[in-house]
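Read the figures in this text as sums done on the coordinates, not as results from a lab. Here the structure is a predicted model, which means the values were calculated and not measured. Note that we place each Cβ from the backbone using ideal geometry, even for glycine, and neighbour counts take in every protein chain shown.
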Amino acid sequence: MTMKSVTAAVPALCLLAGMASAQELTVVSWGGALQEAQTKAFMDPYAAATGTKIVQDSWSGELAKLRAMVDSGNVVWDVVDMDPQSAASACDQGLLEPIGAEEMFKAAGLVEGGLLDCAVGTSVYATILAYKKDAFATAPTSVSDIFDTATFPGKRAFRKSPVDTLEVALMADGVAPADIYSLLSTPEGVDRAFAKLDTIKGDIVWWEAGAQPAQLLMSGEVAMSLAWNGRIADANSNEGADLGIAWSQQVRGFDMWTIPMGAKNADAARAFIASTVTPATNADLAKYIAYGPSVAAAAELVAPDQLANLPSAPANSEGALAQDGAFWAKNGDALNAKFSAWVAQ
Amino acid sequence: MTPRRYADLPLHLRLPLYLFVGLTLALLILPLLAALPISVNSAPWFTYPFPGVSGRWFKAFFLSDTWTGALLNSLSIALATTVLATTLGTLAAIGLVNARFPLRRLVMALAIAPMLMPVVVLGLGLFIFFGPLGLNYTFAGVVVAHSLLAMPFVIITVTATLTRFDFTLMQAAANLGASKTRAFFDVMLPLIAPGVGAGAVFSFATSFDEVVMVLFIAGPGQRTLPKQMFTGLREQLDPTIIAAAVTMVLITSALMIAALVIAKKR
Amino acid sequence: MNLSPSATSQTARRQKAPLRHRLGPVLPALPMLAFLALFLVVPLAIIGKTALSDPEVSAALPQALAYAADGVPDDAGFAALVADLVEAKKAGLMRPLARRLEYGVAGGSAAVTDLARIADAELAAQDPAAIRLAVTGSNPIWSQPGIWQAIDQGAAPWSLFYLKWALGVPVKATPDGQPASDGIHDFGTIYLRTIVISLLVTGLTVVIGYPLAYVVATSSGMIGKVLIFLVLLPFWTSLLVRTMSWIVVLQKNGVMNDLLLAGGLTAEPLPLLYTRFATILAMVQIQLPFTVLPMISVMRAIPPSHVRAARSMGAGPVSAHVSVFMPQAVPGIAAGALLTFVLCLGFYLTPALVGGPGDQMVSFFIARFTNEQLNWGLASALSLVLIAGATVIALPLSRYVFRHSSGRF
């Protein structure tokens, strides 16, 4: 190997990397089908319209990464897609710019719950029960059926997180949606949820990334799974899967944009977020993934055939539980610690 | 190599021995042989036989900005690592090979330590150390971390060739009026080039394959091929990842073969 | 390392020269030494420092500390607490404090955030008894001893808290001050698991690798070259690619299950991936070349005449091998096993990708506490335990290996 050619190549490569720094924006989302849909509906149009170079990264919701960046004053993310509880908790910790108070987002006409102190909703998703249609004689009808190993035998997959898992455990234990969070605020309620989970622990497979449930179901590793509805619809339409969805008792949540405190391109980040909550762009996402719009005015722009797959469709809304971001912001640390110790036991 | 003959084992011992060794070699090789060809399967599943052969996964790989961007990031990080690790490692080997000084054993142990230390521990230490320096999420930070892992290989390979190098040649060059630098480039480097080349290839391969340091230290701008593969593997096994793996193996093998050919010519 | 005669005489001359002259030839190594000092020694020292530093409580609650030594304090203690917290909020010390107290007592984080919501200058100005009422009203945990013990536990900016935690000493309490039974990782099990998996993998690679090394070392010519190539091939191939290939082979709809089904060995696909079996199988394949290569290099140096002599004196093939060949191969076996064992202790990637939650080793938890929970203190303490453990186990063995192999590596 000639050393000279190598030493010549390195500065050239560094130059190449440096040239690209015209206007950059680093957008971080959850990977997989969601991020692809967001790329088509949000990122690509914005990049085309403004000439911004969008760098993408994905994460799995681990706030510590963000906290490490903010603590060290070296923030390399500009826009981050979060769930409401992470957003509320990160906001409390001073990790996010308080964009919820800004006029341009207040004026965007977001549906209720779609605007938090530090976060702007982009779409509405639901945690539902997905199952292999050929696995059972009678199809499961509600999310709590995941605890019914007698009627629906086989492995089942849960997200490796207390969020949604504890709520579903209590619903399966007969708690009404309205009482879930007040019960979970007590030690007895938490114990009750874990006791319910204990009954099927041996049958649980854990997933971490949103694309895994469809994969686990299609490969036959599990018979049913708690999953994000858009990922299942995506697997059905794009990967030839034939998965069923039990909508009843869905846990509904928002996908939200946030801007980390001290982001290097915060202004471009604001402009980008604003572009995604204009009704036309906001409604566009439903074309690529089955998540509903977060802007009230966008609802009527969604085609009827797409609407049927959305969490907000009336037929899908029976017994729905709205995820309580504030509850998780307050209790997330403690419940996460308890949960991860329980999983590792 | 001189033929080495042991007293032959009788057949009833040799057969089971060879069978066992055959199975062991199969354990070593077969997983790769089974997995890599799936990159040309025309259907998105992971069993044999294939319904057909197609280049669709490679097409998907090379047409995706995410994947090609990751490949370019990996190549530039690996090249920079190669330069840094090979330079430092070669100089170190020359300085340490015959030297006698206090604490020599400690220094040698230190030089090899990154090979034996858990990478996660090194990654944690660098991550905390880099924080206040602003080196996290930077190209330079990743190159330093990778060089730390790659340097021991360079030291080992260069030391191996240096033990066969006759240091009186350097004295002779000096007597003939050559400066130390001149003597290094004209006399020593050509003779130890195979070791340096092997070390460089090792450095490249180490960096090109590395994922743990990247998970700790890299930012969105240093999204390498292994990191992309790692995230993909945790999310969803997709034949594109296997195409990426094949690309990775081909690049590393091409380098190894090139290094072997060059070494043979010398 | 072999010194040529000329080099030896040079060394002899150098030893008479003053130190300055003797160090001259070492100069080229200085850049690397500086590099290692900066990027290896300093980070390791920082890990040590991080494992021992415990600054959050003393920084945020300098006054309340004095009242925390004997459980729930009197009213003055509560007044000090509120005064401290008002300042801590301004200085941005509240969140780190909440996180740190949660490590020491269940519910500590919520207690701090609840209190922070009401703690302001107005409250601080009231009389201590009213403050006490307001504080215990914000979260009843404040009237129990657990949280005050946790505050006392963090009184000094340096402590053994994280090391104790990493060593499995119970550090967390329930609000009423009893050792908490949940919310704690059982690190004892995790260390044991790490050692058991490493020992199993080491043992398997030695047992499987010994015949392979023997055949490779005793083959010559083309066959020998092909064999060594086959051993080295996976060694050159990316660790990530090899791990990936196991995922492809072992997954539910993968090659292995396909073969098992086709062969009628199983009626339905077996869960092979994300198991202990997958972890050990993949690790054995990955480590086998590391174990085998030192064995080969030692075995090649064993003179064939020794075995031939034993055979000619009437020993059977097996007993000649066991009594003559094997003892001379022991240093190679020990070196290969040691290398594999030490490397296995630090494995992260392979168990993370092919193992289940119950197969993760110490490295996995170090990464998790760093990147997902930002508990650098515990991650650093675990790192210290891992390195110390590996050194304690490996050092005597490495002494042995180096004594018997000088010049061969």
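Please report C:Lys172, A:Lys287, A:Lys65 as a ranked list, fewest other C-beta atoms within 10 angstrom at the top and most at the bottom. Could you put the intermediate results ahead of the total?
Details: C:Lys172 22, A:Lys287 13, A:Lys65 19.
Lowest to highest Cβ neighbour count: A:Lys287, A:Lys65, C:Lys172.
Order of B:Met229, A:Met256, B:Met188 from fewest to most other C-beta atoms within 10 Å? Show your work: numbers first, answer last.
Details: B:Met229 24, A:Met256 28, B:Met188 21.
Result, fewest neighbours first: B:Met188, B:Met229, A:Met256.
Tell me, what HN-Hα J-couplings in whole Hz come from the Karplus equation 6.51 cos²θ - 1.76 cosθ + 1.60 at θ = phi - 60° for each residue of region C:224-239, using x for Gly and Pro?
For region C:224-239, the Karplus curve yields x, 5, 4, 4, 5, 4, 5, 5, 7, 3, x, 4, 6, 6, 3, 4 Hz.
Mean residue ellipticity at 222 nm from the helices of chain C, using -39,500 (n - 2.57) per DSSP H segment of n ≥ 4 over the full residue count, to the nearest 500 deg cm²/dmol?
Working: 23 runs with 281 residues, N = 409.
-21500 deg cm²/dmol, from helical runs alone.
Can you list the HN-Hα couplings for region B:104-120, worked out from phi with the Karplus curve (6.51, -1.76, 1.60; θ = phi - 60°), rounded to whole Hz and with x for Gly and Pro?
Each residue of region B:104-120 in turn: 4, 4, 4, 5, 5, 4, 5, 5, 8, 3, x, 6, 9, 6, x, 4, 4 Hz.
Across 10 Å bins from the origin, how do the percents of Cα pairs in chain C run, short distances first?
Percent of pairs per bin, in order: 4, 15, 19, 18, 16, 12, 8, 4, 1, 0, 0.
Within a 10 angstrom radius of each residue's Cβ in B:212-219, how many Cβ atoms of other chains show up on average? Whole number is fine.
On the way: counts 8, 0, 0, 6, 4, 0, 2, 9.
Rounded to a whole number, the mean comes out at 4.
Name the residues whose placed amide hydrogens come within less than 5 Å of the amide hydrogen of A:Leu96, ignoring near sequence neighbours (fewer than 5 apart) on the same chain.
For A:Leu96, the qualifying residues are A:Met261.
Can you pull the one-decimal nm distance between simple spin-label points at B:Leu260 and B:Leu30, each 7 Å off the Cα toward Cβ?
Spacing of the two 7 Å Cα→Cβ label points: 2.5 nm.
Where does each of B:240-252, A:92-104 land if you order them by average Cβ count within 10 Å, highest first?
Values: B:240-252: 21.5, A:92-104: 17.5.
Put in order of decreasing packing, that is B:240-252, A:92-104.
Roughly how crowded by other chains is peptide B:237-246, in terms of the mean Cβ count from those chains within 10 Å of each of its Cβ atoms? Spell out each step's value before the answer.
Details: counts 11, 4, 1, 0, 5, 5, 0, 3, 8, 1.
So the per-residue partner count for this stretch is 4.
Dividing the alpha-carbon Rg of the protein assembly as shown by 2.2 N^0.38 Å yields what?
Normalised by 2.2 N^0.38 Å, the Cα Rg of the protein assembly as shown equals 1.01.
Sort C:110-119, A:261-270 by the packing proxy (mean of other Cβ within 10 Å over each peptide's residues), most packed first. Can you show the working numbers first?
Values: C:110-119: 21.0, A:261-270: 18.7.
Peptide ranking by packing, descending: C:110-119, A:261-270.
What is the calculated FRET efficiency for C:Lys164 to A:Asp71, with r their C-beta to C-beta distance and R₀ = 30 Å, to the nearest 0.05? Intermediate results must be reported in sequence, preceding the final value.
Values: r = 25 Å, r/R0 = 0.83.
Computed FRET efficiency for C:Lys164 and A:Asp71 comes out at 0.75.
Lys and Arg at +1, Asp and Glu at -1: add these up for the other residues within a Cβ distance under 14 Å of C:Ser383 and post the number. Don't jump to the answer; show the numbers that get you there.
On the way: positive: C:Lys49, C:Arg368; negative: none.
Result for the neighbourhood of C:Ser383: +2.
If you restrict to DSSP beta bridges whose two residues both lie in the protein assembly as shown, what percentage is antiparallel, to the nearest 5?
60
Place +1 on the Cβ of every Lys and Arg and -1 on the Cβ of every Asp and Glu in the protein assembly as shown, take the dipole about the Cα centre, and give the residue among A:Leu115, C:Ala29, A:Asn236 whose Cα lies farthest towards its positive end.
It is C:Ala29, whose Cα lies furthest towards the positive end.
Where a ≥ b ≥ c are the square roots of the eigenvalues of the C-alpha gyration tensor, would you call region C:187-405 rounded, which needs a/c under 1.5, or, failing that, prolate if a/b is larger than b/c, or oblate?
Working: a/c = 2.46, a/b = 1.40, b/c = 1.76.
Judged from the Cα gyration tensor, region C:187-405 comes out oblate (a/c at least 1.5, b/c at or above a/b).
A:Val55's amide H: which non-local residues (gap 5+, or another chain) put their own amide H closer than 5 Å, with H modeled 1.01 Å from N in plane and none for Pro or chain starts?
Here A:Leu25, A:Thr26, A:Val27 satisfy the definition.
Please rank C:Leu81, C:Leu44, fewest neighbouring Cβ atoms within 10 Å first, as an exposure proxy. Each step should come with its number before you reach the end.
Numbers: C:Leu81 26, C:Leu44 21.
Fewest-to-most Cβ neighbours within 10 Å comes out as C:Leu44, C:Leu81.
Taking only C-alpha pairs under 8 Å that are 6+ residues apart, what is the relative contact order of region A:127-257 in percent?
Result for region A:127-257 is 47 percent.
Which links in A:Lys155/C:Lys252; A:Lys160/A:Lys196; A:Lys330/C:Lys164 stretch past 18 Å when you go from one Cα to the other? Let's see the in-between values first.
Details: A:Lys155/C:Lys252 13 Å; A:Lys160/A:Lys196 16 Å; A:Lys330/C:Lys164 28 Å.
Flagged as over cut-off: A:Lys330/C:Lys164.
About the Cα centre of chain C, what is the dipole size in debye to 20, counting +1 per Lys and Arg Cβ and -1 per Asp and Glu Cβ, all else neutral? Working shown, then result.
Values: 27 positive and 20 negative charges, 635 e Å.
That gives a dipole near 3040 debye.
Note down the relative contact order for chain B as a percent, whole number, built from C-alpha pairs under 8 angstrom at least six residues apart. Kindly include the intermediate steps, with their values, before the conclusion.
On the way: 279 pairs, mean separation 75.5, N = 266.
It comes to 28 percent, rounded to a whole number.
Can you give the charge dipole size of the protein assembly as shown about its Cα centre, rounded to the nearest 20 debye, using +1 on the beta carbon of Lys and Arg and -1 on the beta carbon of Asp and Glu?
Dipole of the protein assembly as shown, to the nearest 20 debye: 6900 debye.
Report ³J(HN,Hα) in whole Hz for each residue of region C:88-102, in order, from the Karplus equation J = 6.51 cos²θ - 1.76 cosθ + 1.60 where θ = phi - 60°; Gly and Pro get x.
4, 4, 5, 8, x, 9, 5, 5, x, 5, 4, 5, 5, 6, 5
Which residue, B:Met213, B:Met115, B:Met151, has the most motion in a Gaussian network model of chain B that connects Cα atoms within less than 10 Å?
Taking springs between Cα atoms under 10 Å, the residue moving most is B:Met115.
Taking the dipole about the Cα centre of the protein assembly as shown, with the C-beta of Lys and Arg at +1 and of Asp and Glu at -1, give me whichever of B:Gly95, A:Ala193, A:Leu307 is farthest to the positive side.
Farthest along the dipole direction, towards plus: B:Gly95.
Using modelled amide H (1.01 Å from N, peptide plane; none on Pro or chain starts), what sits under 5 Å from the amide H of C:Val105, excluding residues fewer than 5 places away?
Long-range HN contacts for C:Val105: C:Ala173.
Report the local net charge at C:Gly154: Lys and Arg +1, Asp and Glu -1, summed over other residues whose C-beta lies under 9 Å from its C-beta.
On the way: positive: C:Arg100; negative: C:Asp54, C:Glu56, C:Asp152.
Result for the local shell: -2.
Tell me whether region C:110-187 comes out rounded, prolate or oblate; compute the Cα gyration tensor, take square roots of the eigenvalues as a ≥ b ≥ c, and use a/c under 1.5 as the rounded threshold. Kindly include the intermediate steps, with their values, before the conclusion.
Numbers: a/c = 2.88, a/b = 2.12, b/c = 1.36.
It is prolate, given that a/c is not under 1.5 and a/b is the larger ratio.
Calculate the mean, over all residues of peptide B:126-138, of how many other protein chain Cβ atoms lie within 10 angstrom of the residue's Cβ. List each step's numbers first, then the result.
Values: counts 7, 8, 11, 9, 4, 8, 4, 2, 3, 3, 5, 8, 2.
The per-residue average across the peptide is 6.
What is the local net charge at A:Leu285, summed over the other residues whose Cβ is closer than 13 Å to its Cβ (Lys, Arg +1; Asp, Glu -1)? Please list the in-between numbers first.
Numbers: positive: A:Lys40, A:Lys287; negative: A:Glu36, A:Asp44, A:Asp81, A:Asp234, A:Asp255, A:Asp284.
Residues near A:Leu285 contribute -4 overall.
Express the relative contact order of region C:184-304 as a whole percentage, based on alpha carbon pairs under 8 Å and six or more residues apart in sequence. Before the final figure, lay out each step's value.
Working: 79 pairs, mean separation 46.6, N = 121.
Relative contact order of region C:184-304: 39 percent.
Using per-residue counts of other Cβ atoms within 10 Å, averaged over each peptide, order A:55-64, A:131-140 from highest down.
Listed from highest to lowest mean packing, they are A:55-64, A:131-140.
Take every DSSP beta bridge with both residues inside chain A and express the antiparallel ones as a percent of the total, to the nearest 5.
Details: 24 of 41 bridges.
Bridges in chain A that DSSP calls antiparallel: roughly 60 percent.
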